[in-house]
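See structure below.
The values are calculated or read from the model by the stated rules, or taken from the named source; none is laboratory data. Nothing here was measured: the structure is a model prediction, and the numbers come from that model. Using ideal geometry, Cβ is built from the backbone for each residue, glycine included, and neighbour counts are taken over all protein chains shown.
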């Protein structure tokens, strides 16, 4: 079912709710400059999940996909609101909600979790997650981040806004550029009783796999 969810600040999220009558659902969060289909991987995953007894919800963050907002106007704070609205929608309808978050979407989930909402997920799976904004963008450890994001500090980044991601329909505006210096998604600590699976390919050229290894090590300490 294709439909819309209205957030607490009035933004309209375009979403797809795959319903097969299950009592459990998976909430999927896409990466930056992607959309709710995540290049087809979320579309395929939703069908595979349905065959195993899971309903699912995937949606476009503001400034992505079918969203009416310009990418340059997106903020991380707003994306957290989006995810919270999608989670509220599922929690009103299902006994059990699981999270699948990819890349930058994982950072949004981790930041939402810092607001003490991890307990609403029964299980968490992160695909090649962005856990460190510095390593990915502001003091990039991978060539991809260094290729477009200013490395000279927040003032330089703000001066160069909007900052475009090469070959992708997304630009960082001033507020989002500042948030990358202020927020630390990797500081999130899901409850130990909540199963957490982190999957990160060692050949990832965008997000440093070492960041995921460090994140997992911190969770185990």
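For (1) touching a helix residue (DSSP H, G or I) at 6+ places or on another chain (Cβ under 8 Å); (2) at pLDDT below 95, each residue gets a yes or a no:
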| residue | (1), (2) |
| --- | --- |
| 158 | yes, no |
| 162 | yes, no |
| 172 | yes, no |
| 179 | yes, no |
| 193 | no, yes |
| 197 | no, no |
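Being surrounded by 15 or more Cβ atoms within 10 Å (Cβ to Cβ) and in the same structural domain as residue 60 (by TED's automatic domain parsing) is a property that residue 86 has. Taken together, the residues in region 1-32 that are crowded, with 17+ Cβ neighbours inside 10 Å and modelled with pLDDT under 95 amount to 0.
Name the single residue, out of those in region 89-107 being touching a residue at least 60 places away in the same chain (Cβ under 8 Å) and in a helix (DSSP H, G or I), that is surrounded by the fewest Cβ atoms within 10 Å (Cβ to Cβ). Before you say what the answer is, go through the steps one by one.
Of region 89-107, the ones touching a residue at least 60 places away in the same chain (Cβ under 8 Å) are 89-90, 93-107.
This time we only want the ones that are in a helix (DSSP H, G or I), so: 89-90, 104-107.
Working: 89: 20, 90: 22, 104: 28, 105: 27, 106: 29, 107: 30.
Here the residue is 89.
For region 20-67, filtering for residues that are over 20 Å from residue 84 (Cα atoms) and in contact with a helix residue (DSSP H, G or I) (Cβ under 7 Å, 6 or more places away or on another chain) leaves 1.
Considering (1) in a loop (DSSP other than H, G, I, E, B); (2) buried (at least 19 other Cβ atoms within 10 Å of the Cβ); (3) in contact (Cβ under 8 Å) with a residue 40 or more places away in the chain, the lone condition that residue 35 does not fulfil carries the number (3). Identify the residue in region 146-179 that is touching a residue at least 60 places away in the same chain (Cβ under 8 Å) and either part of a helix (DSSP H, G or I) or in the same structural domain as residue 70 (by TED's automatic domain parsing) (or both) and, among all such residues, is farthest from residue 112 (Cα to Cα). Applying the filter and picking the extreme gives 175. Selection of region 1-22 for residues being in a loop (DSSP other than H, G, I, E, B) and touching a strand residue (DSSP E or B) at 6+ places or on another chain (Cβ under 7 Å) yields 1, 7, 19, 20, 22.
Selection of region 108-145 for residues being crowded, with 17+ Cβ neighbours inside 10 Å, part of a helix (DSSP H, G or I) and at pLDDT 95 or above yields 108, 109, 110, 111, 112, 133, 135, 136, 137, 138, 144, 145.
The set of residues in region 181-191 that are in contact with a helix residue (DSSP H, G or I) (Cβ under 7 Å, 6 or more places away or on another chain), assigned to a loop (DSSP other than H, G, I, E, B) and modelled with pLDDT of 95 or more contains only 183.
Take the residues in region 42-74 that are in a helix (DSSP H, G or I) and buried (at least 18 other Cβ atoms within 10 Å of the Cβ); name whichever of them is farthest from the chain's Cα centre (by Cα).
So the first thing to find is which residues in region 42-74 are in a helix (DSSP H, G or I), and the list is 42-51, 71-73.
Remaining after also requiring buried (at least 18 other Cβ atoms within 10 Å of the Cβ): 42, 45-46, 49, 71.
On the way: 42: 13, 45: 16, 46: 17, 49: 19, 71: 15 Å.
Only one residue tops the list, namely 49.
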